[in-house]
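The values are calculated or read from the model by the stated rules, or taken from the named source; none is laboratory data. Source: prediction; values computed, not measured. Cβ placement follows ideal geometry from the backbone for every residue including glycine, while neighbour counts extend to all protein chains displayed.
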Amino acid sequence: MTTFLQQAFNGLVSGGFYALLALGLAVIFGMLRVVNFAHGALYMLGAFGAVVLSDSLGLGFWWALLIVPLVLAVAGMLVERLLVHRLAALDPLYNFLLTFGIALVCQDLMRMKYGSHSQPYAGTPFSGSLDLGLFTFPAYQVFVLCAAAVVCLAVWLLLTRTRIGTVVRAATERPETTRAFGIDTGRWVTPVFGFGAGLAALAGVLAAPMRAVNSSMGADLIIIVFAVVVIGGLGSIPGAVAAGFLIGMLQALGNLYVPVLSQTSVYLLMAVVLLVRPAGLFGKEEHA
């Protein structure tokens, strides 16, 4: 039972990263209908940003948690306005190729600067372990899980309890219907893209003290995050969060009980979900 609980907790921590990344990806796809392949690169840049602030400027984790997501959110808005926006009227494949190219450029730039070896991050804000009753768990990973849950809850409250959030949610989940009511969804596109980029960067900063910080860390993760978004339902915000934690648990328990299928379990689940509910667990069927 102790091993099961520890592994399940590991799954929740991994699910927190998936939820943060999938949340940003779902919002961007819902409003722009852009499959943002650069999302993994933003996660990677967030982790490197934390390392750079620590090594070069001597700023601690809390400063990185504040500064890096803001900087990359602004960078995301610039990318959307200068590049993505220009291809919005074309086939979505063009923006997919654009963001894929941006991801490759970011990855190669980091590899040129830091090499392909992992960069250490010093100064973890929490050390030691917490006694959770039946087992102990690293204090920092408990903080990561709590932080991911709080951010997801805060985003949900923002999107459901404020007027701005209501407009963004409507434009994300039903953009055509929203425009039909005379709401100008175009004014929200750039801030939403930046918001999604900031969430990816936030996940990267949280990952820096506990994951290997290298140029390929985003590429290794982005395919799973796409699967999470598909399972939850394309453009579905609650689905992205729920599927993120579900996939984290599935992988962790798969590693414990069926290691040979742990890496493919995500895609097996995605295939089953698409066969039963083509729109995803929380997605809504589009009617002609």
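Structure notes:
- Among the residues here, Leu72 does not qualify as surrounded by fewer than 21 Cβ atoms within 10 Å (Cβ to Cβ) and either at pLDDT 90 or above or among the hydrophobic types (A, V, I, L, M, F, W, C) (or both).
- Residue among Leu87, Leu104, Leu82 that is out of contact with any Leu (no Cβ under 7 Å at 6 or more places or on another chain), farther than 16 Å from His39 by Cα and of a type outside the set (Ser, Thr, Tyr): Leu82
- Every residue from region 43-52 that is crowded, with 21+ Cβ neighbours inside 10 Å and farther than 17 Å from Met210 by Cβ: Leu45
- Only listed residue being more than 16 Å from the chain's Cα centre (by Cα), more than 14 Å from Val213 (Cα to Cα) and at pLDDT below 90, chosen from Leu66, Leu32: Leu32
- Counting residues in region 83-93 that are surrounded by 14 or more Cβ atoms within 10 Å (Cβ to Cβ), touching a Ser or Thr at 6+ places or on another chain (Cβ under 6 Å) and among the aliphatic types (A, V, I, L, M) gives zero.
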